[in-house]
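Asks: Before I ask anything, here is the structure I am working with.
The values are calculated or read from the model by the stated rules, or taken from the named source; none is laboratory data. All values derive from a computational prediction rather than experimental measurement. Cβ atoms come from the backbone with ideal geometry, glycine included; neighbour counts cover every protein chain shown. The area values use the complete protein model at the heavy-atom level, side chains included, leaving out ligands, DNA and RNA. Shrake-Rupley method; radii C 1.70, N 1.55, O 1.52, S 1.80 Å.
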Amino acid sequence: MREIPGRRRRLLFQRSDGRPELIGAALTYATEWQWPVLPGVVADPQGHSRCSCPDPDCTVPGAHPFDPGLLAATTDGRMVRWWWSNRPTAPIVLATGGKAPCAVSLPALPAARALEVLDQAGMRLGPVVASPTRWAILVKPYSMEQLGELLYAKDFVPGSLRFHGEGGYLALPPSGTGQGEIRWERAPLPGSASPWVPDVEAVVDAVVEALTRTGVSAPEF
């Protein structure tokens, strides 16, 4: 089904009382979309900007895997149900690459401006995941060799762009993390068998051009 650029859609996976339904979202990702997921580390309840993992300097609090590790990510509905039945507030972490989508992320303000330019140009985008600090555009799986060739061919690539490829991860909505709520800026259409995503080449080309045209100097964070 076609993604509609620029149109805000209702929040998926929400309970009648407005609270996020994490187990329902995790099961949809795993069993319907065949995206391998696993529970992430919960933010430290004593300090929500901190992580409950052993790293005191964790830069993505509550938004990464730890126990189980990333290799445990699965599309098995029984495992997913068991995980979130025992850890109902755990963030949902996608293991990117393989048959799952990858992502390109950049700081929130430049991302919002870039998306406006891309919409005006008629660029077709798929789902976009947003945190208070960074937005991630989902793309088709790519290899490190493919990414290396893509970046090598460019005269300039903003240093704030991050690439979530093979062996990487991304927190998915409606997770709550130490960085704030993870939400859809561009949500998959309800009922999508598997959301459409663009090629990484098209996204990187378009984002770099949009940032250059708007004169945005994306900060390094």
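Asks: Does at least one position in the range 176-199 carry a residue that is open to solvent by 50 Å² or more (accessible area, probe 1.4 Å), at pLDDT 90 or above, hydroxyl-bearing (Ser, Thr, Tyr) and under 30 Å from Leu22 (Cα atoms)?
Replies: No, the range 176-199 contains no residue that is open to solvent by 50 Å² or more (accessible area, probe 1.4 Å), at pLDDT 90 or above, hydroxyl-bearing (Ser, Thr, Tyr) and under 30 Å from Leu22 (Cα atoms).
Asks: To continue, here is another question. Please go through the range 157-171 and pick out each residue that is among the aliphatic types (A, V, I, L, M) and in a strand (DSSP E or B). Before you say what the answer is, go through the steps one by one.
Replies: Step one: filter the range 157-171 for residues among the aliphatic types (A, V, I, L, M), giving 157, 161, 170-171.
Passing the criteria: Leu170, Ala171.
Asks: Here's something else I'd like to know. State all residues of the range 112-156 that are in a loop (DSSP other than H, G, I, E, B) and open to solvent by 50 Å² or more (accessible area, probe 1.4 Å); if no residue qualifies, say none.
Replies: Scanning the range 112-156 gives Ala121, Gly122, Arg124, Pro132, Thr133, Lys140, Pro141, Ala153, Lys154, Asp155, Phe156.
Asks: Given the criterion closer than 17 Å to Pro174 by Cβ and surrounded by fewer than 15 Cβ atoms within 10 Å (Cβ to Cβ), identify the matching residue among Pro68, Pro88, Pro56. Give the derivation first.
Replies: On the way: Pro68 fails: closer than 17 Å to Pro174 by Cβ; Pro56 fails: closer than 17 Å to Pro174 by Cβ.
Just one listed residue meets the conditions, Pro88.
Here is a yes/no grid of residues against (1) in contact with a strand residue (DSSP E or B) (Cβ under 8 Å, 6 or more places away or on another chain); (2) within 24 Å of Val42 (Cα to Cα):
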residue: Leu147; (1), (2): yes, no
residue: Leu150; (1), (2): no, no
residue: Lys154; (1), (2): no, no
residue: Gly159; (1), (2): no, no
residue: Arg162; (1), (2): yes, yes
residue: Leu170; (1), (2): yes, yes
residue: Pro174; (1), (2): yes, yes
residue: Gly180; (1), (2): no, yes
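Asks: Does any residue in the range 75-104 that is within 14 Å of Ile23 (Cα to Cα) come within less than 6 Å, Cβ to Cβ, of a residue that is open to solvent by 10 Å² or more (accessible area, probe 1.4 Å) and among the hydroxyl-bearing types (Ser, Thr, Tyr) six or more places away or on a different chain, and which pairs are these?
Replies: Every condition considered, the pairs that remain are Gly77/Thr31; Pro91/Thr177; Val93/Tyr169.
Asks: Just to be sure before I move on: is Lys140 basic (Lys, Arg), under 27 Å from Pro39 (Cβ atoms) and out of contact with any strand residue (DSSP E or B) (no Cβ under 6 Å at 6 or more places or on another chain) in the structure I sent? Quick ask: steps written out before the conclusion?
Replies: On the way: basic (Lys, Arg): yes; under 27 Å from Pro39 (Cβ atoms): yes; out of contact with any strand residue (DSSP E or B) (no Cβ under 6 Å at 6 or more places or on another chain): yes.
Against the criterion (basic (Lys, Arg), under 27 Å from Pro39 (Cβ atoms) and out of contact with any strand residue (DSSP E or B) (no Cβ under 6 Å at 6 or more places or on another chain)), Lys140 qualifies.
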